[in-house]
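> Take this structure first; my questions come after.
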């Protein structure tokens with residue numbers, strides 16, 4: 001039986017048929033817009049990178065390790081009992097990760113001791129002495145027990161010192177008072193440009209007959225916290241007492257000199273040099289599944305200045321390097337190349353650990369592919385400095401920026417590596433350093449305030465994850 005449609009039904013069906021082509025045209029015109037609103041599929045590597053960050057942020061152990069290191073072994077200067085406690089702790093902590101190998105590398109390190117607390121005072125012509133907050137520089141010679149007293153010559157550069165010459169410098173205390181440049185966004189650049197007065201200033205002053213040297217602390221902070229650091233005297237040259245003044249103390253001395261150019265200052269420093277002492281780099285590794293004789297290195301330095309708990313410098317780098325290996329183990333990642341954590345000694349006043357490691361690497365049958373260090377504090381990571389003798393490694397690494405940007409890491413640039421891995425660059429190894437936000441680092445650098453309360457756990461763990469992600473990408477894709 002054939003059912004006939006009513007006229008109304010036929011008209012409705014015809015109208016629908018006419019609408020279909022128009023709907024198809026409309027959908028076709030909207031397709032590009034619809035596709036633009038659909039989020040692109042994540043890169044295939046994003047899952048692993050994200051897992052590394054999530055594991056570090058939710059189960060990271062770096063902060064707990066830092067608390068233990070800084071509480072049990074503050075002031076880890078080369079030659080000290082505190083550094084040797086840190087060596088024992090580092091070996092035990094790496095061993096707890098069930099790595100393929102944990103071992104120590106023998107290193108002889110210099111041994112300088114500060115002795116009793118130093119003293120620097122202005123002795124005005126009238127009135128009471130004014131105490132200036134100061135700390136002896138590493139490598140300083142001692143004064144007599146009774147101290148020394150002399151007039152002060154203020155200079156702002158080594159060039160100005162040389163212009164004054166022996167006639168105006170001999171028998172005086174030289175006061176280097178050039179501040180770090182606050183106009184530089186990257187504070188490490190400001191530190192480097194002002195650092196010659198601390199690193200080489202006392203020796204230059206001694207060569208012109210100065211009896212002592214004072215330097216303005218290398219910091220952008222305006223406070224009463226002095227910053228120590230090493231000063232170098234070439235072999236067979238005169239060594240003199242040298243100390244850093246807090247920035248407030250430097251301003252007080254400058255004001256006193258402006259009022260009376262002949263004002264005298266008293267300095268008492270009780271330091272001493274002892275024979276070189278035995279110590280160790282501490283090394284842990286996960287053996288490569290495909291290329292066990294090819295090494296990717298991550299590291300930091302175990303030592304810190306004697307007055308410093310060493311939380312940012314460089315306890316942060318130590319615990320982040322350890323955390324990289326823990327993250328690989330926690331996620332079951334099997335590196336193709338050997339992943340090695342090296343905790344160096346004696347970065348602060350000699351780099352004997354870096355020298356010993358690089359010397360061994362040069363004669364080893366192993367080949368180092370990449371070496372990255374964390375030695376710029378445990379602040380939020382922003383990127384990496386990368387360097388290579390074989391091309392622009394930072395440009396090749398920048399292809400991974402989309403994987404890091406969701407975690408606040410974006411800046412892959414050509415730049416210097418950490419002190420401990422830099423010697424490997426001369427052997428053709430690509431080297432790098434993680435670059436955290438730098439604005440607060442030199443508030444605490446080389447001071448008694450470089451303590452764990454200045455470290456944010458999330459920022460510390462983000463840095464560890466960023467290191468682990470970069471290493472995993474280098475391991476799986478090459479650089």
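Rule-based calculations on the coordinates, nothing more; no lab input. This one's a predicted model, so the numbers in the text were calculated from it and none came from an experiment. Here Cβ is always computed from backbone atoms with ideal geometry, including for glycine, and neighbour counts include all displayed protein chains.
> By how many degrees, between 0 and 90 and to the nearest 10, does the Cα long axis of helix 62-72 differ from the longest principal axis of the chain?
The angle comes out near 20 degrees.
> Let me ask you something else. Report the FRET efficiency, 1/(1 + (r/R0)^6), for residue 185 and residue 477, where r is their Cβ-Cβ distance and R0 is 25 Å, rounded to 0.05.
For residue 185 and residue 477, the calculated efficiency is 0.20.
> If you count the DSSP beta bridges with both ends in region 115-270, what percent of them are antiparallel, to the nearest 5? Don't jump to the answer; show the numbers that get you there.
On the way: 15 of 28 bridges.
Expressed as a percentage, antiparallel bridges in region 115-270 total about 55.
> Another one. Specify the inter-centroid distance of region 403-479 and region 232-290, based on alpha-carbon positions, in whole Å.
Result: 26 Å between the Cα centres.
> By how many degrees, 0 to 90 and rounded to 10, does the Cα axis of helix 81-95 deviate from the longest principal axis of the chain?
Between helix and principal axis, roughly 20 degrees.
> If R₀ is 35 angstrom, what is the calculated FRET efficiency for the pair residue 426 and residue 223, using the beta carbon separation as r and rounding to 0.05?
0.35
> Starting from the Cα of residue 167, step 7 Å along the direction of its Cβ; do the same at residue 131; then give the gap between the two resulting points in nm.
Output for this residue pair reads 4.1 nm.
> Just to verify a number: FRET efficiency for residue 293 and residue 157, C-beta to C-beta distance, R0 = 41 Å, to 0.05?
Step by step, r from the Cβ atoms, then E = 0.25.
> For the Cα atoms of the chain, what angle does the longest principal axis make with the long axis of helix 316-330, in degrees from 0 to 90, nearest 10?
Helix 316-330 sits roughly 30 degrees off the main axis of the chain.
> Mind checking the full-extension length gain between residue 193 and residue 96? Use 0.36 nm per residue of separation minus the Cα-Cα distance, one decimal, nm. Before the final figure, lay out each step's value.
Details: separation 97, 0.36 × 97 = 34.92 nm, distance 4.19 nm.
Gain in length upon complete extension: 30.7 nm.
> Now for a separate question. In nanometres, what is the gap between the two model label sites at residue 367 and residue 399, each 7 Å from Cα along Cα-to-Cβ?
1.9
> I'd like the antiparallel share, as a percent to the nearest 5, of DSSP beta bridges with both residues in the chain.
For the chain, the DSSP antiparallel bridge percentage is about 50.
> Taking 0.36 nm per residue of separation and subtracting the Cα-Cα distance, what length does fully extending residue 105 through residue 239 add? Working shown, then result.
Numbers: separation 134, 0.36 × 134 = 48.24 nm, distance 3.18 nm.
Using 0.36 nm per residue and subtracting the Cα-Cα distance, I get 45.1 nm.
> Residues of region 160-190 with amide nitrogen under 20 Å from the 7 Å Cα-to-Cβ point of residue 262?
Within reach of a label on residue 262, which here means backbone N under 20 Å from a point 7 Å along Cα→Cβ, region 160-190 contributes 167-175.
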